[in-house]
1. Which pairs do you get when a residue that is surrounded by 14 or more Cβ atoms within 10 Å (Cβ to Cβ), found in region A:560-573, comes within reach of a residue that is outside any helix (DSSP H, G or I) and at pLDDT 85 or above, reach meaning Cβ atoms under 8 angstrom, with the pair 6+ apart or on two chains?
2. Could you tell me which residue of region A:23-48 is surrounded by the fewest Cβ atoms within 10 Å (Cβ to Cβ), considering only residues that are over 17 Å from A:Thr98 (Cα atoms) and touching a residue at least 40 places away in the same chain (Cβ under 8 Å)?
3. Name the residue that is farthest from the chain's Cα centre (by Cα), counting only residues in region A:369-395 that are surrounded by 22 or more Cβ atoms within 10 Å (Cβ to Cβ), in a helix (DSSP H, G or I) and not aliphatic (A, V, I, L, M).
4. With respect to A:Leu17, is the statement that it is closer than 28 Å to A:Phe198 by Cα, in a helix (DSSP H, G or I) and more than 22 Å from the chain's Cα centre (by Cα) true?
5. Here is a list: A:Gly554, A:Gly605. Which entry is surrounded by fewer than 13 Cβ atoms within 10 Å (Cβ to Cβ), farther than 30 Å from A:Ile298 by Cβ and without any contact (Cβ under 8 Å) to a residue 40 or more places away in the chain?
6. Counting just the residues of region A:603-649 that are in a helix (DSSP H, G or I) and among the basic types (Lys, Arg), which one comes out nearest to the other protein chains (Cβ to nearest Cβ)?
7. For the list (1) under 30 Å from A:Arg563 (Cβ atoms); (2) not in a helix (DSSP H, G or I), I need the number of the one condition that A:Ile354 fails.
8. Which is free of Cβ contacts under 8 Å to residues at least 60 places away in the same chain and buried (at least 24 other Cβ atoms within 10 Å of the Cβ), of A:Val191, A:Val183, A:Val261, A:Val226?
Amino acid sequence: MESALILIPILPFLGFLINGLLGHKMPRRAVSFFACAGPAAAAILSLLAFQQVAGGEGKAIVQSLGDWIRAGSLHVPFGLKVDHLSGVMLLVITGVGTLIHVYSLGYMRDDPGYPRFFAYLNLFMAAMLVLVLANNIVLLFLGWEGVGLCSYLLIGFWYKDLSNARAGMKAFVVNRVGDFGFVLGVFLIFVTFGTFEFDALNAGAAAKVTVSDSSTLWWIGILLFVGATGKSAQIPLYVWLPDAMAGPTPVSALIHAATMVTSGIYLLARLSGLFVASGVLPIVATIGALTALLGALIALTQTDIKKVLAYSTVSQLGYMFLGAGVGAFGVAVFHLVTHAFFKALLFLAAGAVIHSLHHEQDMRKMGGLLRKLPITATVFLVGALALSGFPLTAGFFSKDEILHETLHGGHALLYAVGFVTAILTAFYTFRQFCMVFLGEYRGSAHEGHGHHDTRGALVHHADSSEIRESPWVMLGPLVILGLLSLGGGFLDVPGFLLGAAHETQAAGVGTEAHGPDTGKLTGWILGGSAAIVGILAAFTAFQWSPGLVTRLQGTTPGKIFARLSYNKFYVDEAYDLLLVRPFSAVSLILFYLIDRALIDCVLVGGTGFFVRLTGSALRRIQTGRIPTYTVLLVAGVVGLLTIFLWAAG
Amino acid sequence: MTLSLSFCLHLSAAIFSIGVYGVLTRSNLIVILMSLEIMLNAVNLSLVAFGRAFLTDLTRDPSGPQVFVIMVLAVAAAEAAVGLSILLAVYRKWRTTNAGEIDLLKG
C-alpha cells in the first residue's frame, strides 16, 4: 500500500487527461466510463488504505516520492501520508465524489460540454486528493490551488452566460484574498520553523508556545485562518459561495458543499497542534458562530432552491469552525463528514428537481412535487431531516456534539448563537421542503412565457403533466446518500480520530468530553427539540397557516427583516461600495496617471523622442561625402593620439 | 655612415604626413588611392627601420618585422586591386572620379 498511495490522485488525473484531450473524439459511453473509473478506482484504493490505517496498530501510511523543491535551506519533500484524519477525508472525497460522478452521467446527459465537464470534475478529484494526502503544507497548497482552479472552471462551466463567468471570477478573486493570507502564513512558518511537514509543525508549535515567541505563532495562526475563511466561505469572505451556484448542480454538491469548501476545516484539523498553540481559536469560534447565524438568517428568505442550500452550507461550515474553534477538531471533522453526506444529498435532490422541471430553480414556481417526484421528495426529506438535526439522523449527532463541546468549553454565548441557528436551520430547511414538495404546483401559472435559464437557453415551464422522475442513474446515488444521511451519525468519527491519531492535539482540549455522559443527554434533548421546534414552525408558517408569513411581513420589524434577509444584508453591496469601487477607482487613477501619463508618455514616449531629437541633430555630420569623413577620421586619430601621449607623458 | 633609427622614423613620419595631406586635400579618387599607398609605404619604412635597429642578426631571425613589410605589400596590392575596381564601377555609374560629388551615404 505504501507505494500505491500516489495512484489515488493519479487515477482521476488520468481520467482528466483522457477526457480532456480525447473526450470530444470518443463516444459518450467511453467518456462516461473513463469519467467514473478513475474516482471509483481511487475510492477502492482509499478504502484499502483506510483499512490498513484503521485496522492493526493504526500506523500511518507514508509514501515519499523524493524532493519536490530543494533550494538552499528550503526543502519541500513530495510526500504523501494517510493517517486517521486524511483517511476519513479520503473516504468522504472518493465515496461522495464517485456517487456524484455517477449522478452527473444522468444530469449532464444532454449537455454539449459533456467530456469537458467530466475532465474538470476528475481534475478536481485529483487536486482534492493531493490536498488531503500531502504531508506538508506546500504540497497541500498545490491541491488547495488546484481545487480553486477547478472551482473557477466549473462555476463558469456554462461560460456563454456572462453572469456565470462573473460568478466564477468572483469566486476566484475572493479566494485570492484568502490565499494571500495562506501564503504569508506559509512564509512565516518557514521563517519560524524551517520545515513544512505537519507533524513537525504541530510538535514544533507545542514546543514553541512555552517559549516567549507566541506572537509569531499567533500571526501564523491568523494568516492560515484567513486562508481557511476564503476557501471555506466564512465571514468576511463567504460572499463567493452563493454566487458559485451558477455552476451545474453536481458541482455545487461536490465542490461547494461536500469537499472543497471543507478544506479549511481540514487545514485546521491537520494543524490542530499549531492552532491550539497559536491562541487564535477564540477568533475561529466567534467567526464560525457568527457565520452560522448569518448564513441561516439569509437562507430564511431566499427563493432560489440552490441559494437556500448555499447559505445553508455557509452556515453549516460555520458550525464546523465553531467546533474547531472550541478545540473539538474531531467533532468538527465529524460534522464535515455528515454534512458531506446530507448536503450532497440535498443538492443532488435539488438537482433532480431542477432536472425534472427543465432547469427551473425558483421555488415560487414549484410546489406539490411530492406526488410527481415521490422518490426525490423522500430522499430530500431525509436530507432535510439530517440537516435540521432531527433526532437519530446524521446531522443530529454531529451538530449536537459541536454544541455540546461549545457549552462544555465554557462558551455560553456562542452556544446560544449555535442553538438559535439550529432552530433557524430546521425552519428554513422545511420552509424549502414545503415550498418545493407540498401545496399546489405553481409552475404553469405563467405558461408560455418562458425565460432564460442559467445556461442562457430559452426554457419553457414544465407542464405539470410532463414532470417525471429522473433516471435511476441519478436516483441511485441519491438513495445511497440518503442511507448515509440516516445512519452516518452512528459512525464514531471523533472517537476514531481522538483515539488514535490526535496525540498532537493539546491535551485537555475537548478530549475528556467524550462518551455518553449526562451533559450529552441534555444536549441531545435540547438539540432534538430545537430541530422539532424549527420543523413545526416551518410547517405552521408554510403549510397549516399560510397567511401567517404575510401577516408577519406586514409588521414593520418583519418587513425590515424580510428585506434585509432577502437582500443578504446588503453585504455584497457594501463590499462593492467599500472595496470594489474604491479599488477600481484607484486602478483607474493608476491607469491614467501612472501607466498612460508617466510610463507611456513620459518614459516610453520620452525615450523615443529624445533619441529622435539627438539623431536629427547628429545626422548633419553624415554628409555622405568622402572628404568630410576622412577629415573627421584624421581629426579623431590625432585627437586620440594627443590624449594618449598627454596622458602617458 | 649608417642611417640612425631616429632619422628613419622622422622620414617615415614625413612621408606619412604627405600621404595624409594627399588624402585630405585631393578630390580625385585615384590620387586619394595613390596617397593611401604612400601612407602604407611610410609605415613599411618604419617597420624596416625598427627591424634593423633591434634585430642585428637578420640571418638568424628572419621572422622579424621584415615579414610584416612583405605582408603589407601583399595586402596593399590586393587593396589596390579592389579599390581600383570599385573606382571603375563608380566611374561607370556616375561618370566622375571626384570624391566630393559622390554623397550617396548622406544621412
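The values are calculated or read from the model by the stated rules, or taken from the named source; none is laboratory data. These figures come from a predicted structure and were not determined experimentally. Note that we place each Cβ from the backbone using ideal geometry, even for glycine, and neighbour counts take in every protein chain shown.
1. A:Ala562/A:Thr301; A:Ser565/A:Leu300; A:Ser565/A:Thr301; A:Val571/A:Val239; A:Asp572/A:Val239
2. Out of the qualifying residues, it is A:Arg28.
3. A:Thr376
4. On the way: closer than 28 Å to A:Phe198 by Cα: no; in a helix (DSSP H, G or I): yes; more than 22 Å from the chain's Cα centre (by Cα): yes.
Here the answer is no, as A:Leu17 does not meet what is asked.
5. Details: A:Gly554 fails: farther than 30 Å from A:Ile298 by Cβ.
Being surrounded by fewer than 13 Cβ atoms within 10 Å (Cβ to Cβ), farther than 30 Å from A:Ile298 by Cβ and without any contact (Cβ under 8 Å) to a residue 40 or more places away in the chain holds for just one of A:Gly554, A:Gly605, which is A:Gly605.
6. Keep residues of region A:603-649 that are in a helix (DSSP H, G or I), which gives A:603-621, A:626-648.
The next check asks that each one be among the basic types (Lys, Arg); those that pass are A:612, A:619-620.
Working: A:Arg612: 13, A:Arg619: 4, A:Arg620: 8 Å.
Per the stated criteria, the residue is A:Arg619.
7. Failing condition for A:Ile354: (2).
8. On the way: A:Val191 fails: buried (at least 24 other Cβ atoms within 10 Å of the Cβ); A:Val183 fails: buried (at least 24 other Cβ atoms within 10 Å of the Cβ); A:Val226 fails: buried (at least 24 other Cβ atoms within 10 Å of the Cβ).
Testing whether each residue is free of Cβ contacts under 8 Å to residues at least 60 places away in the same chain and buried (at least 24 other Cβ atoms within 10 Å of the Cβ) leaves just A:Val261.
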